[in-house]
1. How about the stretch B:34-55: which of its residues are more than 11 Å from the chain's Cα centre (by Cα) and of a type in the set (Phe, Trp, Tyr)?
2. Exactly one of (1) farther than 30 Å from A:Ala135 by Cα; (2) modelled with pLDDT under 95; (3) facing chain A (nearest Cβ under 10 Å); (4) in contact with a Lys or Arg (Cβ under 8 Å, 6 or more places away or on another chain) is unmet by B:Gln105. Its number?
3. Can you name every residue in the stretch B:201-219 that is free of Cβ contacts under 8 Å to residues at least 40 places away in the same chain and within 16 Å of ligand 2 (Cβ to nearest atom)?
4. In the stretch B:191-198, is there at least one residue being in a helix (DSSP H, G or I), in contact with a Pro (Cβ under 9 Å, 6 or more places away or on another chain) and not acidic (Asp, Glu)?
5. Within the stretch A:153-173, can you find the residues that are assigned to a helix (DSSP H, G or I) and either at the interface with another protein chain (Cβ under 7 Å from one of its Cβ atoms) or under 18 Å from B:Ile82 (Cβ atoms) (or both)?
6. When you scan the stretch B:25-92 for strands (runs of 3 or more DSSP E) that lie fully inside it, which ones turn up with 1 or more residues that are within 14 Å of ligand 1 (Cβ to nearest atom) and crowded, with 20+ Cβ neighbours inside 10 Å?
7. Please enumerate the residues belonging to the stretch A:131-156 that are within 19 Å of the chain's Cα centre (by Cα) and surrounded by fewer than 14 Cβ atoms within 10 Å (Cβ to Cβ).
8. Being more than 8 Å from chain A (Cβ to nearest Cβ) and out of contact with any Leu (no Cβ under 7 Å at 6 or more places or on another chain) is the filter here, so list the residues in the stretch B:80-90 that pass it.
Amino acid sequence: MSTYYASLLAESGILLLGALSVYIILATGQLSLGNGAFMGIGAYLSSYLTVALNVPLTLALVISAIAAGIIGAIVAFPALRLKGIYLAMATVGFGEMVRSFFLNFDTMGGSGGYRGMQHISVGYVWLWAGGILIAVMLLERSRVWLEMQAVHDDETAAGLIGLNTVVTKISAFAAGAAVAAISGGLFAHHNVYIEPANFGFERSVDFVLAVILGGSTVAPGSLVGSLLLVFLPEFLRPIADWRLAAFGSLLVLVLLVRRQGILDRSLIRMLTFRRAAA
Amino acid sequence: MSTPLLQLTGVTKTFGGIHALSGMVCEVPEGKIVGVIGPNGAGKTTLFNTITGAYRADAGEVKLKGVDVTQWPSYRIVREGIARTFQNIRLFGSMTVWEHLLVAQPHSESAWRRLLPIAWANPAAQERAEEVMAFFGLTELRDRPAKSLPYGIQRKVEMARAVTARPKLLLLDEPVAGMNHDEAEEIRSLMIRLRDTGLTILLIEHDMNFVMRLCDYLYVLDFGVLIAEGKPEEVRANPVVLDAYLGKDD
Ligand SMILES: Nc1ncnc2c1ncn2[C@@H]1O[C@H](COP(=O)(O)OP(=O)(O)OP(=O)(O)O)[C@@H](O)[C@H]1O
Ligand SMILES: [Mg+2]
């Protein structure tokens with residue numbers, strides 16, 4: 001495998017984690033357009049831990065995930081009062097807030113960025129990405145996931161069948177933030193250089209796009225979306241300047257004909273040759 | 001008599017100028033089927049909403065087994081033993097029948113077990129879901145998206161979802177609305193069987209015949225005020241009720 005494709009593969013693993021971070025939050029009916037910020041928190045914190053404090057990378061990632069999870073829970077509290085586009089706007093605001101914090105955070109280079117991280121392999125990236133994907137797929141079969149779906153479908157009814165909807169929504173935000181932080185830590189140690197612009201609004205939108213394109217109702221949808229988002233523009237390279245336009249058209253097309261994205265429960269059943277539910 | 005399962009004293013709920021419920025007083029003794037009747041807009045659904053914490057009462061107390069639950073959040077009231085159905089069915093759009101029966105069970109197991117696949121971690125919950133599914137005759141429909149089912153069956157799924165939680169008190173808001181005679185009879189016999197297993201039922205219903213043949217006791221509401229109560233025969237003969245309710249019924 002050429003180093004070029006290896007780096008694309010690493011990029012898609014990092015995007016997969018970002019997409020899953022959105023997917024987990026979306027499963028409770030909340031749209032976050034600020035997960036780039038949690039990614040940034042993970043990137044900066046883990047880099048500081050490994051570079052300045054010599055903490056082993058895996059431990060640094062775990063610490064960053066926990067820290068981002070706590071921040072996610074704190075952010076989720078005021079967000080509980082908001083729904084739909086208002087919530088999405090608030091998360092955009094949060095993202096910008098974090099980005100400008102890093103711009104002014106001179107200890108770690110401010111707008112000049114931060115470097116000095118040890119380089120990690122594609123394999124290490126995918127160990128995390130694959131591991132977390134499988135964990136989310138197992139979670140999808142749990143009681144907690146059913147509770148999240150209930151909150152997603154009808155929050156009032158969920159409360160009235162005995163579910164604590166506040167805890168569910170906050171936990172989803174915390175978990176999503178933690179996963180985004182892992183994505184950020186891997187990004188930092190794969191690129192060995194980070195700057196605030198890496199974690200802005202566009203990054204958050206990429207995460208959401210990967211989920212919506214690949215399939216927003218099943219975890220493997222994020223995998224499909226991330227691979228497509230990274231590799232498709234490369235395969236479209238022959239049409240040069242038109243490739244982004246072609247890619248954009250494809251996205252619009254998918255949304256028009258398949259709102260749930262490419263992958264959904266019934267497609268998975270078909271692909272695995274299992275009998276469709278009667 | 002011992003403490004009633006549910007006891008309301010002076011429960012009042014207003015919306016702007018509308019007195020949806022004024023000084024409601026009622027009792028639901030354990031093991032009975034109690035009915036709430038009244039014309040459209042009488043405050044029946046509001047009564048259920050205040051009992052379950054969906055609305056906060058402006059005044060008065062709701063007591064469950066003598067415990068004041070008036071200010072509790074909905075989920076705690078449910079876990080304390082009150083489950084309900086809704087007048088306009090509220091099933092979860094993305095879930096199958098089976099999933100509805102799993103999601104509504106009480107949360108006895110540890111947080112860790114709740115994060116693991118149900119198939120591994122929670123045989124008891126699955127058994128309970130199977131049992132309730134069989135009781136309501138839903139086993140065949142197990143993997144169907146609940147919202148794709150016919151209306152009458154959706155009502156049964158909703159009842160089943162409420163029952164899986166092992167409530168002490170079941171609140172049913174017009175459980176046979178929109179059903180034909182046979183379907184309604186089936187629900188009636190299910191309710192009697194539930195009562196015989198020790199469940200207490202409070203139900204709202206428009207169909208007088210249905211209520212008369214099912215309930216042990218009735219409360220009659222009109223414009224948010226309790227205008228009569230008593231055994232079905234007494235209520236049927238009460239001129240105030242005939243005036244307010246039966247006269248207007250269409
Ligand atoms: N959330 C609300 N906001 C404003 N008014 C409300 C609300 N809920 C109920 N009401 C009003 O309270 C009164 C009682 O309504 P409620 O739904 O309790 O009646 P009901 O007895 O259940 O009637 P129906 O037989 O039509 O279901 C009505 O006038 C209704 O418009
Ligand atoms: Mg009503």
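1. Hit for the stretch B:34-55 is B:Tyr55, nothing else.
2. Of (1) farther than 30 Å from A:Ala135 by Cα; (2) modelled with pLDDT under 95; (3) facing chain A (nearest Cβ under 10 Å); (4) in contact with a Lys or Arg (Cβ under 8 Å, 6 or more places away or on another chain), only one is false for B:Gln105: (1).
3. Initially, the stretch B:201-219 is screened for residues free of Cβ contacts under 8 Å to residues at least 40 places away in the same chain, giving B:207, B:209-210, B:212-213.
Those that are free of Cβ contacts under 8 Å to residues at least 40 places away in the same chain and within 16 Å of ligand 2 (Cβ to nearest atom): B:Asp207, B:Phe210.
4. yes
5. Applying the first criterion (assigned to a helix (DSSP H, G or I)) to the stretch A:153-173 yields A:153, A:155-160, A:165-173.
Answer for the stretch A:153-173, where residues must be assigned to a helix (DSSP H, G or I) and either at the interface with another protein chain (Cβ under 7 Å from one of its Cβ atoms) or under 18 Å from B:Ile82 (Cβ atoms) (or both): A:Asp153, A:Thr156, A:Ala157, A:Ala158, A:Gly159, A:Leu160, A:Thr165.
6. Details: elements: B:33-37, B:59-64, B:82-84.
In the stretch B:25-92, B:33-37, B:82-84 are the strands (runs of 3 or more DSSP E) which contain 1 or more residues that are within 14 Å of ligand 1 (Cβ to nearest atom) and crowded, with 20+ Cβ neighbours inside 10 Å.
7. Those that are within 19 Å of the chain's Cα centre (by Cα) and surrounded by fewer than 14 Cβ atoms within 10 Å (Cβ to Cβ): A:Gly131, A:Ile134.
8. Of all residues in the stretch B:80-90, those more than 8 Å from chain A (Cβ to nearest Cβ) come to B:80-82, B:85, B:87-89.
Selection gives B:Gln87, B:Asn88, B:Ile89.
The values are calculated or read from the model by the stated rules, or taken from the named source; none is laboratory data. Fair warning: this is a prediction, and the values are worked out from it, not measured in the lab. Every residue, glycine among them, receives a Cβ derived from its backbone with ideal geometry; neighbour counts consider all protein chains shown.
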